[in-house]
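Below is one structure, written out as structure tokens; the observations come after it.
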Amino acid sequence: DGERLPVSFKEMGTSEIYPQTIEHSANGRFVVVCGDGEYIVYTAMALRNKTFGQAQEFVWSQADASMYAVRESNAVVKDGERLPVSFKEMGTSEIYPQTIEHSANGRFVVVCGDGEYIVYTAMALRNKTFGQAQEFVWSQADASMYAVRESNAVVKVYKQFKEVRTFKLDYGAEQIFGGHLLGVRSLTGLTFYCWNTGRLVRRIDISPRAVCWNEVGNLVSLCTGEVIYVLRYMADMVPEAEPPPGTPEDTDGFEQAFQMVPNGEVSVSVRNGLWYGDALLFTTTTNRLCYYVGGELVTLAHLDRPMYLLGYLAKENRVYLSDRDLQIVSYSLLLNVLEYETAVMRGDFTAADAIFPSIPKDQLTKVAQFLEKQGFRAQALRVTNDPDHKFELALQLGDLELCRQLASEGDPEANESKWKQLAEVACRACSFDLAEDCLSRTKDYASLLLLASSSGNGRMLKWIGEQASVESKDNVAFLARFLLADLEGCLELLLKADRLPEAAFFARAYLPSRIPEVVELWREWLGRTSKSNTKIAQALANPKDYPNLFPGLE
């Protein structure tokens, strides 16, 4: 009596407020945290006590009871709608589950909590084995292998439910991760070990809260609170044979075993995720459903509440998610699109070409955008069925004739920006005939004037002078006529625009014979505009009446 009890502690998460009181509900399913004048109610075990098996089953726990749900396969499902599912209670567990996880082949499911674990058969929920563990993880490389963390210093590996190895760590193990390698996280970073040999493969100076491997084991994602690091694992860089006794080994493992993939650092906060092929599917803390493939981040859907990714069923082309209230929804994600993008990323264009005919037409633009981001613009041009996207690609590839054809189709007003872009590119390519055609369609008379004057195109200057006058672009029209030495035309343009003072000075400089006519028109205009201008009108001297004031005019 009175002695301190040996206990182990497990972090369950952080609260948004500073707790002053914490209390469970009567049934143990909820926890209320109160403090700072606020309170928050949490589910007792959050959502870590759920797992998605093969086929269409979904297993979770409520208190010590395990439930089983199967989706009705004949139901028509829409994106984001709650799925119709049938429920069945499978039985009860001897421990309060904190985590539930299926084995790689789906035959077994483990329940871990309260410092213990129990492995059950997945369907009948028959007890297979049990033991002490703070954490339990499965191997993806060998479905018969798993590891348990008994304490911060001891991690044990089992095969066929028999212990095969014990790691006595000289550093504190805060968390372990399953997958194709056994991962152990400490305060200083992450260490990967080989399941079969126990050999240290690599130490990485990242402390992720989640590690996720793809099925074949050549890609792994390390998820921290704010960033995903996507690494490629090259197993052939790790020698299979053990080194001779006494041979010094690098304490950081094999440097070439992991390499960051191009654009493999993604600034996003992941809630949870999984791999399918070379595509990483995940939900974010900002309530988005996304996938990452080949350096491209694609948003599939914006969610209206926090949701957790359960799995992807390839035969149904759907991603399944659940919220804290066990409402299951799904979203469409076509398998052939994923397989095509995966084949492209692997450089297997033969396989990509074989998959391409099966992709629906409404997905082609999405595929083309993916190809463009990977640098395959010519292929993207052949694939896309979006006219705007096709125009942009043709412009980047320098196919100006195709650009002209695309700009000629559809609404002329909507395509005005296309003609302007094409004109700019045509000028840089010294294709002046095409540039003139584009600028004419957009009625950009100022640019046409520059082009025509630079090339000495009198025919174009004459046309600009006429059309700009019709469109009331008087400055451009005047300059075009002046460059052609059409002085009468320039004067008529000034008179038409009631620019009579300018017309009088223009006539004085270039057309002396028209001065009397223009001065009279100027006087009349002043008299019409204001009574105060009458004196100004009378002060104007007409060369016809006062030739002595204009010596040498003749």
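The values are calculated or read from the model by the stated rules, or taken from the named source; none is laboratory data. On a predicted model such as this, the values are computed, not experimentally measured, just so you know. Glycine gets a Cβ as well: all are built from the backbone with ideal geometry, and neighbour counts include every protein chain shown.
Need the failing condition index for Lys373 against (1) farther than 18 Å from Ala279 by Cβ; (2) surrounded by fewer than 21 Cβ atoms within 10 Å (Cβ to Cβ), just the number.
With respect to (1) farther than 18 Å from Ala279 by Cβ; (2) surrounded by fewer than 21 Cβ atoms within 10 Å (Cβ to Cβ), Lys373 is out only on (1).
Return only the number of the condition from (1) part of a helix (DSSP H, G or I); (2) surrounded by 17 or more Cβ atoms within 10 Å (Cβ to Cβ) that Tyr291 does not satisfy.
(1)
With respect to Cys403, determine if the residue is touching a Phe, Trp or Tyr at 6+ places or on another chain (Cβ under 8 Å) and surrounded by 15 or more Cβ atoms within 10 Å (Cβ to Cβ).
Answer is yes for this residue.
Here is a yes/no grid of residues against (1) free of Cβ contacts under 8 Å to residues at least 60 places away in the same chain; (2) under 24 Å from Glu215 (Cβ atoms); (3) small (Gly, Ala, Ser):
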{"position": "Pro97", "(1), (2), (3)": "yes, no, no"}
{"position": "Ala122", "(1), (2), (3)": "no, yes, yes"}
{"position": "Leu125", "(1), (2), (3)": "yes, no, no"}
{"position": "Gln132", "(1), (2), (3)": "yes, no, no"}
{"position": "Gln140", "(1), (2), (3)": "no, yes, no"}
{"position": "Asp170", "(1), (2), (3)": "yes, no, no"}
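What's the number of the condition Arg324 fails, among (1) in contact with a Ser or Thr (Cβ under 9 Å, 6 or more places away or on another chain); (2) in a strand (DSSP E or B)?
(2)
Condition first: part of a loop (DSSP other than H, G, I, E, B) and aliphatic (A, V, I, L, M). Now tell me which residues in region 93-141 satisfy that.
Ile95, Ala104, Ala122, Met123, Ala124, Leu125, Ala133, Ala141
Name the residues in region 132-175 that are out of contact with any Phe, Trp or Tyr (no Cβ under 6 Å at 6 or more places or on another chain) and over 25 Å from Ile206 (Cβ atoms), would you?
Matches in region 132-175: Gln132, Asp142, Ala143, Ser144, Lys159, Gln160, Phe161, Lys162, Glu163, Val164, Thr166.
For region 378-391, indicate whether the set of residues that are surrounded by 21 or more Cβ atoms within 10 Å (Cβ to Cβ) and of a type in the set (Gly, Ala, Ser) is non-empty.
Yes; the residues of region 378-391 include at least one that is surrounded by 21 or more Cβ atoms within 10 Å (Cβ to Cβ) and of a type in the set (Gly, Ala, Ser).
Anything in region 139-148 that is of a type outside the set (Val, Ile, Thr), at pLDDT 95 or above and touching a Lys or Arg at 6+ places or on another chain (Cβ under 8 Å)? List them, or say none.
Met145, Ala147, listed by residue number.
(1) buried (at least 16 other Cβ atoms within 10 Å of the Cβ); (2) out of contact with any Pro (no Cβ under 7 Å at 6 or more places or on another chain): which one isn't true of Tyr546, the others all being true?
Unmet condition: (1).
With Leu222, Leu169, Leu200 as the choices, which residue is touching a strand residue (DSSP E or B) at 6+ places or on another chain (Cβ under 9 Å) and closer than 22 Å to Val298 by Cβ?
After applying the criteria, what remains is Leu222.
In region 481-509, which residue that is out of contact with any Gly (no Cβ under 6 Å at 6 or more places or on another chain) and basic (Lys, Arg) is farthest from Thr529 (Cα to Cα)?
Here the answer is Arg508.
Is it the case, given these coordinates, that Ala279 is surrounded by 19 or more Cβ atoms within 10 Å (Cβ to Cβ), more than 19 Å from Ala210 (Cα to Cα), among the hydrophobic types (A, V, I, L, M, F, W, C) and touching a residue at least 60 places away in the same chain (Cβ under 8 Å)?
In short, no.
Checking Glu215 against (1) surrounded by fewer than 21 Cβ atoms within 10 Å (Cβ to Cβ); (2) without any contact (Cβ under 8 Å) to a residue 60 or more places away in the chain; (3) charged (D, E, K, R), only one condition comes out false. Which one?
(2)
In region 192-214, what count of residues is obtained for those that are closer than 14 Å to Tyr229 by Cβ and of a type outside the set (A, V, I, L, M, F, W, C)?
Going through region 192-214 one residue at a time, the tally reaches 5.
Taking the stated definitions as given, is Ala446 surrounded by 17 or more Cβ atoms within 10 Å (Cβ to Cβ), assigned to a helix (DSSP H, G or I) and of a type in the set (Gly, Ala, Ser)?
No, not satisfied.
Give me the pairs: first residue in region 369-386 and at negative phi, second residue part of a helix (DSSP H, G or I) and of a type in the set (Asp, Glu), beta-carbon distance under 8 Å, and six or more apart or on different chains, which are they?
Phe370/Glu341; Ala380/Glu372
Which residue is modelled with the highest pLDDT, if the candidates are limited to region 87-128 and must be within 19 Å of Phe177 (Cβ to Cβ) and among the hydroxyl-bearing types (Ser, Thr, Tyr)?
The extreme case among them is Tyr117.
Among the residues of region 359-382, count how many are of a type in the set (A, V, I, L, M) and over 21 Å from Tyr292 (Cα atoms).
Going through region 359-382 one residue at a time, the tally reaches 2.
Restricting to strands (runs of 3 or more DSSP E) lying wholly in region 181-287: which have 3 or more residues that are at pLDDT 90 or above and of a type in the set (A, V, I, L, M, F, W, C)?
Passing ranges, in order: 200-204, 210-213, 219-223, 228-233, 258-266, 270-276, 279-284.
Within region 480-516, track down each residue that is of a type outside the set (Asp, Glu), within 60 Å of the chain's Cα centre (by Cα) and loosely packed, with under 14 Cβ neighbours inside 10 Å.
Ala485, Lys496, listed by residue number.
For region 137-192, which residues satisfy the criterion of being surrounded by 22 or more Cβ atoms within 10 Å (Cβ to Cβ) and hydroxyl-bearing (Ser, Thr, Tyr)?
Residues satisfying the conditions are Ser139, Tyr146, Thr191.
Taking region 451-460, which residues are surrounded by 14 or more Cβ atoms within 10 Å (Cβ to Cβ) and assigned to a helix (DSSP H, G or I)?
Correct list: Leu451, Ala452, Ser453, Met460.
With the requirement that a residue be in a helix (DSSP H, G or I), β-branched (Val, Ile, Thr) and either without any contact (Cβ under 8 Å) to a residue 40 or more places away in the chain or exposed (fewer than 14 other Cβ atoms within 10 Å of the Cβ) (or both), what does region 327-368 give you?
Val337, Thr350, Ile355, Thr365, Val367
Any residue at all in region 69-77 that is under 30 Å from Leu333 (Cβ atoms) and modelled with pLDDT of 85 or more?
No, the conditions are met nowhere in region 69-77.
For region 499-554, which residues satisfy the criterion of being within 27 Å of Asp486 (Cα to Cα), at pLDDT 70 or above and among the acidic types (Asp, Glu)?
Of everything in region 499-554, those that are within 27 Å of Asp486 (Cα to Cα), at pLDDT 70 or above and among the acidic types (Asp, Glu) turn out to be Glu502, Glu517, Glu520, Glu524.
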